[in-house]
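Asks: Have a look at this one.
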Amino acid sequence: MSKLTLRRVPFVLALCLLTACSSTPPAPAATDPQVAYRQAKEQLDGGLFEDAIKSYEQLEARFPYGRYAQQAQLDIAYAYFRQGEAESALAACDRFIRLYPNHPNADYAYYLKGRVYENDRIDSWFSFLPQQPLSERDSTAINNAFETYRLLSTRFPNSRYAVDVQERMRNLVEALATHNLNTANYYLARRAPLAAANRAQEIITRFPQSKQVEDALVVMVRAYRDLQLTDLASDAERVLRQNYPNNRLVTGG
């Protein structure tokens, strides 16, 4: 061996030792599904949502059968929800519902799906930001949330989420009714009385217990008057007078 080669040996050894010391070996893969799930859950609870999703996916790939793989799917949906990735969260919920419709936690999949549609940030990192009122959000998403909660209530009447879901459904009804009322008033102001009357009628038909029914009747009276549909205007005013005798349109105030 030449002197040049001998001189390089200590340098190469030192470089190898330095490299070995500076690199952190990857954590060994869990050989038990319970251990793998616990590791992923710790990441989820620690707010490391992206890491948790990867860990849960690895768990599913290595241990595709059993309760830990099933629960991993729900936890993935929740992690996507917390990250604000609505489409991925909805897809994960739908997948779980499709594969395990009778799972003990299937009601949670519906509940989480409804929360995603609501764009509810109560448990997110952005909960300190002011949220857009429900009535000003996309009405399609609100309808989807309501329908999801309705299915939950129908299929799982004794669910632990039943009380909360009923309250959420009431709020969604008011939001949808308010959205329709705002639209009806917009049409009325834009001289589109037929469209205004139809929107107001939808409130009365779909949401008869809503707080917006009184104002919807007012819109109907005014819209039918604009359309010169005297009989319909009189009928709407009669219903308004019977149910809301102190309304300003009735009293002339």
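Asks: With r defined as the distance between the Cβ atoms of N171 and D32 and R0 fixed at 45 Å, what FRET efficiency is calculated, to the nearest 0.05? Walk me through the numbers before you get to the answer.
Replies: Numbers: r = 44 Å, r/R0 = 0.97.
E(calc), rounded to 0.05, equals 0.55.
Asks: Put one equal scatterer on each alpha carbon of segment 44-93, apply the Debye formula with no solvent term, and list log10 I(q)/I(0) at q = 0.13, 0.16, 0.25 1/Å to two decimals.
Replies: The computed values of log10 I(q)/I(0) come out as -0.26, -0.39, -0.88.
Asks: OK, next. For segment 141-209, just the Cα set please: Rg and Dmax, both in angstrom.
Replies: Final numbers for Rg and Dmax: 14.8, 48 Å.
Asks: Give a residue-ordered list of calculated ³J(HN,Hα) values for segment 191-197 (Karplus: 6.51 cos²θ - 1.76 cosθ + 1.60, θ = phi - 60°; whole Hz; x for Gly, Pro).
Replies: In residue order, the calculated couplings are 6, 10, x, 5, 4, 5, 5 Hz.
Asks: So, counting K/R as plus one and D/E as minus one, what does the shell of residues with Cβ under 13 Å around A91 add up to?
Replies: On the way: positive: R95, R98, K113; negative: E85, E87, D94.
Counting the neighbours of A91, the net charge comes to 0.
Asks: Restricted to Cα positions, what overall size does segment 177-253 have along the principal axes? Three whole-Å values, descending.
Replies: Its Cα atoms span 28, 27, 21 Å along the three principal axes.
Asks: Moving on to the next point. How much net charge surrounds T230 when only other residues with a Cβ under 15 Å from its Cβ are counted (Lys, Arg +1; Asp, Glu -1)? Present the calculation step by step, with values, prior to reporting the outcome.
Replies: On the way: positive: R222, R225, R238; negative: D226, D231, D235, E237.
Summing Lys and Arg as +1 and Asp and Glu as -1 gives -1.
Each value in this text was obtained by applying a stated rule to the coordinates, not by laboratory testing. Quick caveat: nothing in here was measured; it's all calculated off a predicted structure. Here Cβ is always computed from backbone atoms with ideal geometry, including for glycine, and neighbour counts include all displayed protein chains.
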